[in-house]
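Asks: Below: one structure in structure tokens.
Throughout, read-outs are computed from the coordinates displayed, never taken from laboratory work. Note that this is a predicted model, so its numbers are computed, not measured. Here the Cβ positions follow ideal geometry from the backbone for every residue, glycine too, while neighbour counts run over all protein chains shown.
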Amino acid sequence: MLSGATSNRVFEIGDLECRVLNDGSRTVGSMTKDSAKKFIFGDAPEADLDACLRPYGGFDSSTVLPFNYLLVSGRDHITLLDAGCGDQAENEKYPDEPAGFLVRSLAEARLSVEDVDTVIISHCHWDHFGGAVVGGEVAFPNAEYLMSEKEANHIRVNVKGWALDYLNLIGDRSRFINDVSEANPGITVKPAPGHTPGIIVVEVTSGGETLLYMSDIIIHQVHVEHTNWIPSFETDHLAAETSRRSLIEEAHRRNLLLFVPHIPTNLGRVELRARDSGYKWIDAHI
């Protein structure tokens, strides 16, 4: 059985407390019937891909992707970056690969869903939006939900199903943004289209430090080295590559701390590769 336990790791960005909330994990093979490598890396040349993946122990259908999200607490707000899987984890179908533990992780931190006053939804995929509603009710009853207007329209026109039901349920407590916007003091959201049409990333800034919550712009460390190895399920491959390349270049230029939900270590920085002008992921130990 894959572990669903949370480490509840806590670190600080200036005066803001950041807490990692574990929501479980899944093997890549549970998410696709196609090749695991193609699912995450698209049409990457196999020999080159295998060489890049070797330092990480390879990659196949048995590779486990963690689901980790971030809770940011300031003096006057508690902001959740993505709502996790919730009811969309479908644990009855995957009893050996459970997910949907975000609320339990909150409880382990002696917090409840009532304590959260802002929930930022980066995009509409089940492992980021699925926990916004639980049992047909809004999961975080005192929170404002923030999502891009473009993503909401994508749900209305192209996605529908449970995501549209959720969007309708949170509608009267939602704020839809069209551009760079401040969610709370020290927390800014900005569009990074491609993975989905309206996906957003989040900057957390305080005391001269900045963390960039990357959502699914990066899924694996190798994506930093090869921005053009695009997962097969991106809605717009060209836009996805453009957004990824731009954010990685920015992360290096500004020496940003990155948080990636599906990389086991979660935290990293972008450094130049010694052999050329490309970039690489380096785990951050803070």
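Asks: Grab the other residues whose beta carbon is less than 12 angstrom from that of residue 68, score K and R as +1, D and E as -1, and report the net. Present the calculation step by step, with values, prior to reporting the outcome.
Replies: Values: positive: 9, 19; negative: 23, 82, 127.
Around residue 68, the surrounding residues sum to -1.
Asks: Considering the convex hull of the alpha carbon atoms of the range 79-145, report its projected area averaged over all viewing directions, in nm², one decimal.
Replies: Details: hull surface 17.9 nm².
Average of the hull's projected areas for the range 79-145 equals 4.5 nm².
Asks: Quick check on the range 66-194: of the DSSP beta bridges with both residues there, what percent are antiparallel, nearest 5%? Please report the intermediate quantities before stating the final value.
Replies: Working: 9 of 19 bridges.
The answer is about 45 percent antiparallel.
Asks: Using label points projected 7 Å from each Cα along Cα→Cβ, tell me how many nm separate residue 284 and residue 43, to one decimal.
Replies: Here the modelled spin labels are 3.4 nm apart.
Asks: So who's got an amide H within less than 5 Å of the one on residue 148, skipping anything under 5 residues away but keeping other chains? H placed 1.01 Å off N, in plane.
Replies: Amide H neighbours of residue 148: 177.
Asks: Take each of the peptides 101-110, 153-162, average the number of other beta-carbon atoms within 10 Å over its residues, and list them starting from the highest.
Replies: The most tightly packed comes first, giving 101-110, 153-162.
Asks: May I pose another question? Starting from one equal scatterer on each C-alpha and no solvent at all, send me the Debye-based log10 I(q)/I(0) for the range 193-256 at q = 0.12, 0.16, 0.18, 0.29 Å⁻¹, two decimals.
Replies: Relative scattering, expressed as log10 I(q)/I(0), comes to -0.29, -0.50, -0.62, -1.35.
Asks: Of all the Cα-Cα pairs you can form in the range 10-283, what percent are over 25 Å apart? Walk me through the numbers on the way to the answer.
Replies: Working: 15859 of 37401 pairs.
Everything past 25 Å amounts to 42 percent.
Asks: Something else about it: Which ³J(HN,Hα) values in Hz, rounded to whole numbers, follow from the phi angles of the range 102-113 under the Karplus curve 6.51 cos²θ - 1.76 cosθ + 1.60, where θ = phi - 60° and Gly and Pro get x?
Replies: For the range 102-113, the Karplus curve yields 4, 5, 5, 5, 4, 4, 5, 8, 6, 10, 10, 4 Hz.
Asks: Mind checking which lysines have their C-alpha under 20 Å from residue 33, skipping anything on the same chain fewer than 8 residues away?
Replies: Excluding near neighbours in sequence, the set is 93.
Asks: Using the Cα centre as the reference, give the magnitude of the dipole from point charges on the C-beta atoms of the chain (Lys, Arg: +1; Asp, Glu: -1; all else neutral), rounded to the nearest 20 debye.
Replies: Details: 25 positive and 42 negative charges, 84 e Å.
So the magnitude is around 400 debye.
Asks: What percent does the relative contact order of the range 10-283 come to when contacts are Cα pairs within less than 8 Å and at least six residues apart?
Replies: Working: 575 pairs, mean separation 46.4, N = 274.
The normalised contact order for the range 10-283 reaches 17 percent.
Asks: In Å, what Rg and Dmax follow from the Cα atoms of the range 56-100?
Replies: Computed over the Cα atoms of the range 56-100, radius of gyration and Dmax are 14.9, 44 Å.
Asks: Under a cut-off of 16 Å between alpha-carbon atoms, report the lysines in cross-link reach of residue 190, not counting same-chain residues fewer than 8 places apart.
Replies: Answer for residue 190, where 16 Å is the Cα cut-off: 150, listed by chain and number.
Asks: Right, another one. Note the full-extension length gain between residue 175 and residue 50 as 0.36 nm times their separation in residues minus their Cα-Cα distance, in nm to one decimal.
Replies: Residue separation times 0.36 nm, minus the Cα-Cα distance, leaves 40.7 nm.
Asks: Provide the packing ranking of 241-250, 275-284, i.e. peptides ordered by the mean count of other C-beta atoms within 10 Å per residue, highest first. Display every interim value, and only then the final one.
Replies: Numbers: 241-250: 17.4, 275-284: 13.4.
For the peptides 241-250, 275-284, the packing ranking is 241-250, 275-284.
Asks: Further, regarding this structure: In what sequence do 166, 56 fall when counting other Cβ within 10 Å, fewest first? If you can, show how the numbers build up before the last one.
Replies: Details: 166 26, 56 14.
Arranged by neighbour count, lowest to highest, 166, 56 become 56, 166.
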